[in-house]
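Structure first, commentary second.
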Amino acid sequence: MLGLSYLGEPFRSHPRMSSTPGLRHCHRTVASTDNVQTNCRMYVAYLLILLILTPRVDSSWWYIGALGERVICNNIPGLVPRQRHLCQKHPDIMQAIGEGAKEWIRECQHQFRHHRWNCSTLDRDHTVFGRVMLRSSREAAFVYAISYAGVVYAITRACSQGELKSCTCDPKKKGRWRDEKGEFDWGGCSDNIDFGIKFAKDFVDAKEKRVRDARALMNLHNNRVGRMAVKRFMKHECKCHGVSGSCTLRTCWKTMSDFRKTGDLLRKKYNGAIQVTMNQDGTSFTVANQNFEKPTKKDLVYFENSPDYCVLDKSAGSLGTAGRVCNKTSRGTDGCEVMCCGRGYDTTRVTRTTKCECKFHWCCAVRCKECEETVDVHTCKAPKRAEWLDQT
């Protein structure tokens with residue numbers, strides 16, 4: 001829970017307060033009696049505390065991915081005016097962002113497929129991930145970073161594929177250049193990642209820049225980590241020209257690497273994420289544990305410890321691990337002991353049909369037989385009812 005010391009500036013009138021009937025009444029009667037003045041001060045203080053302690057619901061542009069081709073800007077809950085304006089002005093970019101959302105969510109689920117929290121989404125829920133994102137945890141830090149990376153990646157890719165009206169190939173990649181292999185000519189279509197980053201900063205960061213609280217600064221910091229992760233894996237691709245492939249001349253262009261590399265890097269940053277608190281003036285972070293080094297711009301940061309995600313807990317957004325498949329022999333996070341939180345597991349014998357004895361036939365087909373195999377599938381037991389009721 002965020003305290004008063006997390007505010008970055010002295011309290012100013014909030015737009016939601018100015019429209020409150022009780023506050024308007026205070027303005028009309030503030031000069032009447034001392035009691036009225038006291039009551040008004042208490043009323044304003046109550047509203048201030050309510051605004052500070054009430055968590056922000058992260059219903060946002062993430063929901064665009066669930067809309068597919070039916071992106072209607074006015075139907076997306078949680079967009080701030082700037083985001084809604086950009087959505088209406090650039091429907092082609094919104095389409096790219098929607099496709100990108102599906103990709104980064106799949107990547108998130110791949111990275112955490114063997115963990116208690118597996119980046120699960122909620123159907124027909126405009127928050128996409130539910131209440132788990134209300135906690136300023138390392139999971140929230142990862143989601144903000146990889147979602148931002150996904151936006152940059154999707155926009156940049158759509159730009160290079162000629163799907164966007166307002167973007168072309170990187171205009172700076174022209175003429176001759178030199179690398180460790182010698183001179184080359186810029187050619188082809190270099191990915192215009194600068195455009196992807198610029199639009200992402202304008203669109204995604206718009207919501208966080210409207211408020212001055214600790215969570216907004218945390219989100220902005222982790223957003224930056226995400227976009228820089230994509231840029232880190234930009235690479236050269238070249239084509240040789242010359243007699244018999246002598247490569248006397250080269251034409252090169254810049255392109256993004258596979259998004260899996262970005263996911264792998266952010267997963268490592270999740271493991272090394274640093275717990276922080278706000279400094280006194282509310283403008284930057286300081287480490288929560290003085291034994292750790294101060295976070296850099298490349299580190300993910302978070303404020304609150306994560307729940308254990310063992311049991312269903314609606315308040316924390318935890319879906320629990322009951323029914324999750326686990327590995328009986330593993331001692332890692334996918335092992336039954338860890339995944340099931342010591343509750344034990346059920347074993348079911350199932351028969352699967354798989355392709356086997358595949359052979360290549362000239363030319364050009366691969367033919368396989370269908371084989372049946374019987375395997376044991378282990379799934380986590382549900383908690384005892386009394387334990388479950390304690391968490392819901």
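The values are calculated or read from the model by the stated rules, or taken from the named source; none is laboratory data. This structure is a prediction, so every number in the text was calculated from the model and none was measured. Quick reminder, even Gly has a Cβ in these numbers, built from the backbone with ideal geometry, and neighbours come from all protein chains shown.
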**Study point:** In region 115-124, the residues that are at pLDDT 95 or above and more than 16 Å from the chain's Cα centre (by Cα)
**Key:** His115, Arg116
Practice item. Determine whether region 281-303 contains at least one residue that is hydroxyl-bearing (Ser, Thr, Tyr), over 24 Å from Met228 (Cβ atoms) and surrounded by 11 or more Cβ atoms within 10 Å (Cβ to Cβ). Key: no
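Determine which member of the set Thr392, Thr333 is β-branched (Val, Ile, Thr), modelled with pLDDT under 90, closer than 24 Å to Lys314 by Cβ and part of a loop (DSSP other than H, G, I, E, B).
Numbers: Thr333 fails: modelled with pLDDT under 90.
Unique residue meeting the criteria: Thr392.
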Check your understanding: Of all residues in region 321-339, which are surrounded by fewer than 18 Cβ atoms within 10 Å (Cβ to Cβ), within 14 Å of Lys381 (Cα to Cα), among the charged types (D, E, K, R) and touching a residue at least 24 places away in the same chain (Cβ under 8 Å)?
Key -> Lys328
Exercise for review: Say whether the condition of being farther than 30 Å from Ser306 by Cβ and charged (D, E, K, R) is met by at least one residue in region 142-160.
Suggested key: yes
Check your understanding: How many residues does region 153-192 contain that are touching a Cys at 6+ places or on another chain (Cβ under 9 Å) and either part of a helix (DSSP H, G or I) or of a type in the set (A, V, I, L, M) (or both)?
Key -> 5
Review point. Looking at region 203-211, is at least one residue surrounded by 14 or more Cβ atoms within 10 Å (Cβ to Cβ), in contact with a Leu (Cβ under 7 Å, 6 or more places away or on another chain) and more than 21 Å from Tyr302 (Cβ to Cβ)?
Key: yes
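Just to be sure I understand, how many residues within region 242-263 are surrounded by fewer than 16 Cβ atoms within 10 Å (Cβ to Cβ) and under 38 Å from the mean Cα position of the chain (by Cα)?
Filtering region 242-263 for residues surrounded by fewer than 16 Cβ atoms within 10 Å (Cβ to Cβ) gives 242-249, 251, 257-258, 260-261.
Next, only the ones that are under 38 Å from the mean Cα position of the chain (by Cα) stay: 251, 257-258, 260-261.
Residues meeting the conditions: 5.
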Review point. Looking at Phe233, Phe195, which one is without any contact (Cβ under 8 Å) to a residue 40 or more places away in the chain and buried (at least 16 other Cβ atoms within 10 Å of the Cβ)?
Key: Phe233
Check your understanding: With respect to Thr255, is the statement that it is in the same structural domain as Cys169 (by TED's automatic domain parsing) and modelled with pLDDT of 90 or more true?
Key -> yes
**Study point:** Which numbered condition Arg367 misses (of (1) basic (Lys, Arg); (2) under 30 Å from Ser136 (Cα atoms); (3) without any contact (Cβ under 8 Å) to a residue 12 or more places away in the chain)
**Key:** (2)
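What helices (runs of 4 or more DSSP H) completely inside region 205-311 contain at least 3 residues that are among the hydrophobic types (A, V, I, L, M, F, W, C)? Talk me through it step by step, then tell me what you get.
Working: elements: 205-208, 214-232, 259-271.
Answer list for region 205-311: 214-232, 259-271.
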Check your understanding: Any chance region 340-354 includes a residue that's within 20 Å of Ala140 (Cα to Cα), surrounded by fewer than 18 Cβ atoms within 10 Å (Cβ to Cβ) and either among the small types (Gly, Ala, Ser) or in contact with a helix residue (DSSP H, G or I) (Cβ under 9 Å, 6 or more places away or on another chain) (or both)?
Key -> no
